[in-house]
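First the structure, in the form of structure tokens, and then the observations on it.
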Amino acid sequence: GAAGGYSALVQPTDLSANIMAKTLIISNAVAQDKTYDRTTDAVITGTLTGVITGDAVSVSGGGAFADWNVGVGKAVTPALVLSGDDVGNYTLTPPTGLTATISPAVLTAGLTGTVSKTYDGTTAAALAAGNYGLTGVVSGDTVGLNNPVSGSYDTKNAGSGKTVTVSGLSLTGSADVTANYQLGATTITGSVGAISKLPLAITADKKSRTYGDANPVLTVSYSGFLNNENESVIYGLNVTTTADHSSNVGTYDITPGGATATNYAISYNTGTLTINKAPLTITADNKSRVYGDTNPALTVSYNGFKNNDNATSVINGMTVTTTAVQASNVGTYAINASGASAANYEITHVNGTLTIDKAPLTITADNTSRFYGDANPALTVSYNGLKNNENATSVISGLNVT
């Protein structure tokens, strides 16, 4: 009613005002910890708070550490940027007091190549720089390993692909660089080991025997055993020869073979079995006869034949002689066996004796007669048994006939 006394309100003109950009904040802002990567880049997480519903505004970017080195509670400076269709109506108040930790990068050491040696009875392994590898180093940094020269095999035995273990690993390089790293393990293993077998020579021992005897026990000698090891580590050895009980005089190979050993590379050397002649004695048999008779057949006896040999099958060139002839006087005469040979025998000749005994001789007084009163006739005798055309005059002496 009161307005009835007034005319209509005239609106003011030429009025103006400012619309100020709305300030946004990051709620629950946190700088994220990270692993050393040789950059100062930082990630900031949180919620963009204050954007009016319907507006298109977002935040991107992150932050930066003061330096890239490892550290705990390091300051992070935000470098956040607003974007979107309505970004012109807003301004961002960056978070303050942000910190985060840069943790050391973990490096992985490994073994590569081949760590080799010849069997020496120990597990000691010798390594070179080329047997080590290191992964995880950030590009631009120079970091290495101390490359220990000593390690150990899983066992002392020969083999390939053996596990090698190395302890005491550490990083090398500039201290300000290595401070940003740590080794995942200071002890590492790898299937890079190779232990080759040690050469071992097995030599058949020389042997000898006499023809017709059994072979001796065949033995061997070893060259190359390590430390206190001996033939107890050898398996499957056999030693053979081509000679048997009946083999002739000569030399025959003794051959070792078939041996195996975990840690030895075996080579063989043949030996020699020498079969020597067997002793054989040929003895002229003793003989006897009567004076004036012809010599009996001269024979011999054998002692020493082997393998069922006999004189007919193996003896060559033997002669049996004596100096006695039919007319030889009573006495003893040597019977000589000589000239015999045999491939498998060493012959000894032994003389015999021919004994010539006296021949029986009968002297018979001849019967005679005379007349009474006459003188006795000449008394004569007859001989029975004279030999070799001999006569009484030549061989008889001292005969009395009365």
In deg cm²/dmol, rounded to the nearest 500, the helical mean residue ellipticity at 222 nm of the chain, built from -39500 (n - 2.57) for every DSSP H run of length 4 or more, is -500 deg cm²/dmol
Any lysines whose Cα falls less than 29 Å from that of residue 207, other than same-chain ones fewer than 8 residues away, would be 277, 306
As a percent rounded to 5, the proportion of antiparallel DSSP bridges among beta bridges in the chain is 65
Full extension between residue 118 and residue 233 adds, at 0.36 nm per residue less the Cα distance, a length in nm of 39.7 nm
The local net charge around residue 52, scoring Lys/Arg +1 and Asp/Glu -1 for residues other than residue 52 whose Cβ lies under 13 Å from its Cβ, equals -2
Taking every DSSP bridge whose two residues both lie in region 99-225, the antiparallel percent to the nearest 5 is 75
Between (1) 36.1; (2) 23.4; (3) 25.9, the structure-derived Kirkwood radius over Cα pairs in Å is (1)
Once all protein chains are kept in place, residue 67 shows an accessible area at probe 1.4 Å, nearest 10 Å², of 60
Of all DSSP beta bridges with both partners in region 262-402, the antiparallel percent, nearest 5, is 65
Under a 1.4 Å probe, counting only protein heavy atoms, residue 267 has an accessible area in Å², nearest 10, of 60
The answer for the net charge of residues other than residue 102 whose Cβ lies under 13 angstrom from its Cβ, with Lys and Arg +1 and Asp and Glu -1, is -1
In nm, the gap between the two label points placed 7 Å beyond Cα toward Cβ at residue 179 and residue 150 is 3.3
Along the dipole axis of the chain (charges at Cβ: +1 for Lys and Arg, -1 for Asp and Glu; origin at the Cα centre), the most positive-end residue among 60, 119, 257 is 257
Note: probe point = Cα of residue 86 + 7 Å toward Cβ; backbone nitrogen < 11 Å; residues of region 33-53 passing the test are 50-53
Total charge of the residues flanking residue 89 in space, meaning their Cβ is under 14 Å from its Cβ, with Lys and Arg +1 and Asp and Glu -1, is -2
For region 139-298, whose charge dipole is built from +1 on Lys and Arg Cβ atoms and -1 on Asp and Glu Cβ atoms, the candidate among 204, 150, 233 with its Cα farthest towards the positive end is 204
Once the in-chain neighbours fewer than 8 apart are removed, the aspartates and glutamates whose Cα is under 20 Å from residue 162 read 120, 154
Taking a straight Cα-to-Cα line shorter than 17 Å from residue 287, and setting aside same-chain aspartates and glutamates fewer than 8 residues away, one finds 357
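The values are calculated or read from the model by the stated rules, or taken from the named source; none is laboratory data. Just so we're clear, the structure is a prediction, and the values are computed from it rather than from any experiment. Every residue, glycine among them, receives a Cβ derived from its backbone with ideal geometry; neighbour counts consider all protein chains shown. For the accessible areas, the whole protein counts, side chains as well, though only heavy atoms, and no ligand, DNA or RNA atoms are used. Shrake-Rupley method; radii C 1.70, N 1.55, O 1.52, S 1.80 Å.
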